[in-house]
Amino acid sequence: MLILKNLLRRRTRTLLSLLGIAIGIASIIAFNAVARGFKASIDRYMQGSGAQMLVVNRSAMAPEYSRISREEVDFIKTVQGVDHVSPGTFTILAGRVLQNVKKTKLKFLTVFGRTPGDRLVEKFKVGIEGRLFQAEDEMMIGADAARDLDVKLGDTLTMYAVPFKIVGVYHSDVKFEAAGCVLSSTVVQKQLAMGTSVGLCFLYLKDGVDWKQVRDAIESKAVNLAAINTRDFTQYYDQLDYIDWFVWIVSLISVIVGGLGVLNTMLMAVSERTREIGTLRAVGWSRGQVLRLILAEGLLISVVGGCLGLFLGTFGAETLIHWAPRGLDTRYSGWLLVQGFLIALSLGFFGALYPAWQASRLSPIEALKYE
Amino acid sequence: MNDVTIRTIDLVKRYPGADITALAGVSIDVARGQFFCIMGPSGSGKSTFLNMIGALDTPTSGDVILNGRPLSQERNLDAVRAKEVGFIFQLHNLLPTLTSIENVEIPMMALGVPRRERRQRAIELLGSVGLSHRLDSIATRLSGGERQRVSIARALANRPAVILGDEPTGDVDSKTGEQIMACIHEARKQSGATLVVVTHNPDIAKGADRTLHMKDGVLQ
């Protein structure tokens with residue numbers, strides 16, 4: 001009764017404080033959901049390949065810079081336990097060089113270079129409109145990319161000043177794949193002046209083979225290469241950690257702003273209600289009861305603000321994804337929502353702690369004299 | 001001893017920083033159920049004295065024995081205030097966002113009285129001060145006299161042994177002041193509480209069982 005009425009007394013201030021927390025929590029949820037979504041997309045992509053291992057150039061900071069020579073690919077094929085090697089190339093094409101660019105949200109097109117008829121291409125058969133590509137002048141395009149570029153099966157898409165016939169439109173639950181295209185590796189090799197080298201190799205192992213033995217066999221002979229389990233891909237590349245750090249730094253700033261909002265609200269509330277606090281103490285309220293009253297007000301702001309933040313965070317992330325350039329995805333977990341809510345509660349608690357302590361220390365005599 | 005509700009023993013209050021002696025050794029007994037009035041000019045120390053016997057402030061030396069309990073030995077003065085004392089302030093000091101009932105419930109919340117019991121008691125008390133028709137009115141919408149009557153009901157909430165009034169009619173006109181004092185007397189009669197009032201107003205003192213004057217921290 002008292003808690004709610006005290007907060008409703010200064011509705012605008014309470015609302016602003018509540019929004020401060022909500023925005024802080026919303027930014028944590030939204031940024032984390034997008035960052036996790038990105039990692040989850042990569043994990044899904046790796047699992048979707050069906051390969052157990054991936055070989056990349058150890059020195060490359062990111063997979064798009066990786067180069068593996070023809071000789072190294074031939075060597076990998078001879079390693080005991082390897083059933084099949086699918087070499088691949090990978091590049092990202094700027095959206096501005098594509099047709100219909102003004103209408104599109106496609107800021108970039110992920111280009112996957114593959115060998116026609118290879119095992120790695122087989123997965124696109126499921127649900128494809130048209131057929132798999134077979135020649136250098138043919139391509140398959142993801143459904144999202146096709147929609148954004150306003151092209152369809154049978155159309156021609158010009159890339160690198162070369163026309164490619166769209167022979168298949170595929171679907172994928174991996175957003176950056178759905179917003180990408182697949183064509184012959186030789187095209188990418190030519191355009192990026194890669195010669196006969198490839199970017200990475202997907203390895204399919206024979207049944208019962210320990211991937212670590214394969215890794216050791218490859219890395220001991222080809223010191224330039226790193227052989228990793230496809231499940232560990234997101235952990236292997238350090239730059240993905242930067243995303244996490246960026247997310248948490250931005251979130252932390254938002255959270256601090258939210259916490260200061262609660263602190264300010266509760267300090268003002270205590271200052272304005274000094275005389276009332278004096279009255280409560282005079283009629284027998286203990287310091288602890290006054291402390292709990294102010295803390296409860298802070299916590300109520302944080303509970304409502306936290307719930308609002310969870311809603312705004314999920315709604316905001318989805319809106320962001322909807323309007324953002326193609327390729328981004330979101331992923332939520334119960335733990336992320338719990339974390340967001342716990343952070344909101346902490347903000348309310350710690351934001352109100354000092355004002356509550358200050359209120360509880362007020363001398364009833366002095367407080368009653370307060371004008 | 002049982003007939004004495006308030007006993008002060010050589011009560012002294014000094015404010016060292018300001019070099020002021022607000023009370024200079026006050027010793028007095030107030031009998032149970034008595035209406036005791038203290039008059040005196042501003043700054044004479046009468047409010048300080050009231051705060052001492054109401055466990056709101058502690059003396060520099062001396063002691064207050066309230067309802068048989070020496071306050072110097074009490075570890076929890078909050079509980080003493082909640083159980084033994086009912087305050088009526090000059091400016092009523094109601095919580096502005098709360099209704100009459102809620103304001104009367106406040107002291108009972110200090111003692112953890114269950115909600116239903118609190119509400120029932122508050123309704124009874126407000127009825128006894130003639131405010132049955134203002135139970136759910138927000139404090140700021142009440143007249144000065146009505147506010148003070150709510151504060152009388154609040155003072156009686158925990159059935160205190162002592163009711164302390166600090167200029168209880170100081171903020172209302174004389175006619176309303178008479179009504180308020182009548183209300184306080186009726187409440188005292190029904191509760192059997194001891195009433196101590198500090199005031200400038202000689203009309204209030206007329207109805208007192210005992211009146212003393214205070215000057216420079218000394219009762220005369």
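Structure summary
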{"quantity": "Mean separation of Cα contacts under 8 Å (6+ apart) over length of chain A, as relative contact order %", "calculated": "30"}
{"quantity": "Value of relative contact order over chain B, rounded to a whole percent, pairs C-alpha under 8 Å and six or more apart", "calculated": "31"}
{"quantity": "Relative intensity, log₁₀ I(q)/I(0), of the range A:60-223 from a Debye sum that treats every alpha carbon as a point, q = 0.11, 0.15, 0.19, 0.20 Å⁻¹", "calculated": "-0.48, -0.83, -1.19, -1.27"}
{"quantity": "Sum of -39500 (n - 2.57) over DSSP H runs of 4+, divided by residues of the protein assembly as shown (222 nm, nearest 500)", "calculated": "-15000 deg cm²/dmol"}
{"quantity": "Peptide-level mean, for B:82-89, of C-beta atoms on other protein chains within 10 Å", "calculated": "3"}
{"quantity": "Residue order, fewest to most beta carbons within 10 Å, for A:Glu129, A:Glu297", "calculated": "A:Glu129, A:Glu297"}
{"quantity": "Cβ charges +1 (Lys, Arg) and -1 (Asp, Glu), total dipole of the protein assembly as shown, debye", "calculated": "860"}
{"quantity": "For chain A: rounded, prolate or oblate by the Cα gyration tensor [a/c cutoff 1.5]", "calculated": "prolate"}
{"quantity": "Dipole in debye (nearest 20) - the range A:217-323, about Cα centre, beta carbon charges: Lys, Arg +1; Asp, Glu -1", "calculated": "620"}
{"quantity": "Whole-angstrom gap from the range A:1-50 to the range B:59-109, using each part's C-alpha centre", "calculated": "45"}
{"quantity": "Within chain B, longest stretch free of exposed trypsin sites (Lys or Arg not before Pro) [DSSP loop, at most 15 other beta carbons within 10 Å]", "calculated": "B:76-220"}
{"quantity": "Part-to-part distance (alpha-carbon centres) for the range A:346-371 and the range A:283-310, which is given in Å", "calculated": "12"}
{"quantity": "The range A:168-256: chymotrypsin sites (Phe, Trp or Tyr not before Pro) in DSSP coil with no more than 11 other Cβ atoms inside 10 Å", "calculated": "none"}
{"quantity": "Sequence ranges A:257-269, A:14-26, ranked by mean other-Cβ count within 10 angstrom, highest first", "calculated": "A:14-26, A:257-269"}
{"quantity": "Space enclosed by the convex hull of the alpha-carbon atoms of the range A:297-371, per residue, Å³", "calculated": "111"}
{"quantity": "Cβ neighbours within 10 Å from other chains - mean over A:281-293", "calculated": "6"}
{"quantity": "Neighbour-count ranking [beta-carbon atoms within 10 angstrom, fewest first] of A:Phe133, B:Phe49, A:Phe90, A:Phe315", "calculated": "A:Phe315, A:Phe90, A:Phe133, B:Phe49"}
{"quantity": "Order of A:Leu8, B:Leu94, A:Leu205 - criterion: other Cβ atoms within 10 Å of each residue's Cβ, fewest first", "calculated": "A:Leu8, A:Leu205, B:Leu94"}
{"quantity": "Two-site FRET efficiency, A:Ser220 against A:Leu342, from Cβ-Cβ distance with R₀ of 41 Å, rounded to 0.05", "calculated": "0.30"}
{"quantity": "Unit charges on C-beta of K, R, D, E only; dipole of the range A:228-288, Debye", "calculated": "620"}
{"quantity": "Zero-based 5 Å bins, Cα pair distances in the range A:1-91, whole percents", "calculated": "3, 10, 12, 13, 12, 8, 6, 6, 5, 5, 5, 5, 5, 3, 3, 1"}
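Throughout, read-outs are computed from the coordinates displayed, never taken from laboratory work. Bear in mind the structure is a predicted one, so any value in this text is a computation, not a measurement. Cβ atoms come from the backbone with ideal geometry, glycine included; neighbour counts cover every protein chain shown.
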